[in-house]
Amino acid sequence: MHVLIINGSPRVKKYSNTDKILEKFTKGMCENGTTFEQYEVSDKAQWDDMREAFNRNKNILIALPLYVECIPGLLMEFLETLTPKNDGSQIAFILQSGFAEGIQLRCGEAYLEILAEKLGCGYKGTLVKGDNFSIRFTDDKMKNKVTDPYTEMGREFAANENFNSEACRKFTGPEIFPAHMRFILGLVFNTFAKKAFKMIAANIGCEQPLDYRPYR
Ligand SMILES: Cc1cc2nc3c(=O)[nH]c(=O)nc-3n(C[C@H](O)[C@H](O)[C@H](O)COP(=O)(O)O)c2cc1C
């Protein structure tokens with residue numbers, strides 16, 4: 001199998017968590033001889049080549065971060081330039097995010113299934129996983145702890161050519177945190193995190209309270 005991979009993050013490759021995830025994912029995917037070519041939506045100079053690759057390839061994988069509960073605007077801008085295929089091509093997605101609970105990615109996942117159809121492609125499923133905020137900020141050891149599991153998912157994808165297996169479903173982790181954890185997280189966000197955000201805002205010159213709503 002040869003796979004066209006599109007990194008749908010608006011962040012440049014160097015700073016993109018999606019790119020670090022793809023690095024590990026493709027390592028596993030290529031073990032059985034699967035090959036790929038990868039493009040970055042963040043680099044508009046690649047858009048013509050990406051469009052040509054979209055038209056040429058039958059196996060397509062779009063990896064994207066959740067941005068404000070939905071797909072990044074820059075990726076949408078690119079997708080709107082494509083002509084629907086209707087030639088038997090198939091699309092799968094990797095949908096990853098910062099917050100950890102699976103439930104907050106489900107709306108995006110449902111949208112991606114519709115998107116595959118709108119692009120005139122069959123749908124090969126979505127690998128859904130949160131808890132990726134730290135990739136960009138932590139040292140190699142921590143970064144690898146978060147990204148290494150994607151190598152196994154790459155193997156799964158190469159073997160099944162879709163994300164419909166039980167292993168992929170389980171990969172999401174908890175759909176929703178248990179009540180005691182939500183209580184603790186609520187407490188942390190309303191105390192320490194609130195204070196930290198206030199300090200960060202003040203340091204970058206913010207003079208209004210963070211809940212300031214002048215247009216209410
Ligand atoms: C503008 C923006 C909006 C985001 N919105 C969400 C969100 O709604 N839910 C979430 O869990 N993470 C959200 N995140 C976190 C990203 O999904 C997460 O950090 C992801 O790993 C970033 O991947 P990238 O570096 O490849 O863009 C957001 C990040 C940014 C910058």
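Summing Lys, Arg as +1 and Asp, Glu as -1, what charge do residues with Cβ under 12 Å from the Cβ of Q104 carry, Q104 excluded?
Around Q104, the surrounding residues sum to -3.
D140: accessible area at probe 1.4 Å, nearest 10 Å²?
Accessible area of D140: about 110 Å².
How tilted is helix 194-203 with respect to the longest principal axis of the chain? Cα atoms for both, answer in degrees (0 to 90, nearest 10).
With both axes taken from Cα atoms, the answer is about 90 degrees.
Looking at A201, Y39, C107, which one has the Cα that reaches farthest to the positive end of the dipole of the chain (charges on Cβ: Lys, Arg +1; Asp, Glu -1)?
The residue sitting most towards the positive pole is A201.
Summing Lys, Arg as +1 and Asp, Glu as -1, what charge do residues with Cβ under 15 Å from the Cβ of N32 carry, N32 excluded?
So the surrounding residues net to -2.
Connecting C-alpha atoms closer than 10 Å in a GNM of the chain, tell me which of R56, R106, R182 has the biggest fluctuation.
R182
Give K143/K195; K27/K145; K14/K118; K14/K198; K143/K194; K24/K118 a once-over and call out the pairs whose C-alpha atoms are over 23 Å from each other.
Long pairs (Cα-Cα over 23 Å): K143/K195; K14/K118; K14/K198; K143/K194; K24/K118.
Per-residue accessible area for R155 at 1.4 Å probe radius, Å² rounded to 10?
Result for R155: roughly 90 Å² accessible.
Would you list H180, H2 from the most to the least accessible area, probe 1.4 Å?
H180, H2
As a test question: what accessible area, to the nearest 10 Å², does F99 have when a 1.4 Å probe is rolled over all protein chains in place?
Only protein atoms counted, so the area is about 120 Å².
What are the ³J(HN,Hα) values, in whole Hz, obtained from phi via the Karplus relation 6.51 cos²θ - 1.76 cosθ + 1.60 with θ = phi - 60°, for each residue of the stretch 65-78 in sequence order, with x given for Gly and Pro?
With the stated coefficients, the stretch 65-78 comes to x, 7, 10, 6, 6, 8, 8, x, x, 5, 5, 4, 4, 5 Hz.
Tell me, what % of the accessible area of the stretch 68-212 is carbon and sulfur with a 1.4 angstrom probe?
Taking all protein chains in place, the stretch 68-212 shows 60 percent carbon and sulfur surface.
Where is the GNM fluctuation largest for the chain (alpha-carbon springs, 10 angstrom cutoff): D19, D43, D131?
Taking springs between Cα atoms under 10 Å, the residue moving most is D43.
In deg cm²/dmol, rounded to 500, what helix-only [θ] at 222 nm does the chain give when every DSSP H run of at least 4 residues adds -39500 (n - 2.57) and the total is split over its residues?
Helix contribution divided over all residues of the chain: -12000 deg cm²/dmol.
Name the residue, out of A179, A196, A110, whose mean-square fluctuation peaks in a Gaussian network model built on the chain with Cα pairs under 10 Å.
Sorting by GNM fluctuation, first place goes to A196.
Assuming a ≥ b ≥ c are the square roots of the Cα gyration tensor eigenvalues, decide whether the stretch 177-216 counts as rounded (a/c under 1.5), prolate (otherwise, with a/b larger than b/c) or oblate.
Judged from the Cα gyration tensor, the stretch 177-216 comes out oblate (a/c at least 1.5, b/c at or above a/b).
Counting only heavy atoms of the protein chains, get the accessible area per residue of the stretch 120-216 (1.4 Å probe) and round it to a whole Å² value.
Roughly 72 Å² per residue, with all protein chains present.
Work out the length of the dipole vector of the stretch 26-171 about its Cα centre, built from +1 on the beta-carbon of each Lys and Arg and -1 on the beta-carbon of each Asp and Glu, and round it to the nearest 20 debye.
220 debye
Can you bin the stretch 2-171 into rounded, prolate or oblate? Criterion: square roots of the alpha carbon gyration tensor eigenvalues sorted a ≥ b ≥ c, rounded for a/c under 1.5, prolate for a/b above b/c, oblate for the rest.
rounded
The values are calculated or read from the model by the stated rules, or taken from the named source; none is laboratory data. Everything numeric in this text was worked out from a predicted model, so none of it was measured. Note that we place each Cβ from the backbone using ideal geometry, even for glycine, and neighbour counts take in every protein chain shown. Note: accessible area is taken over every heavy atom of the protein model, side chains too, but ligands, DNA and RNA are not part of it. Shrake-Rupley method; radii C 1.70, N 1.55, O 1.52, S 1.80 Å.
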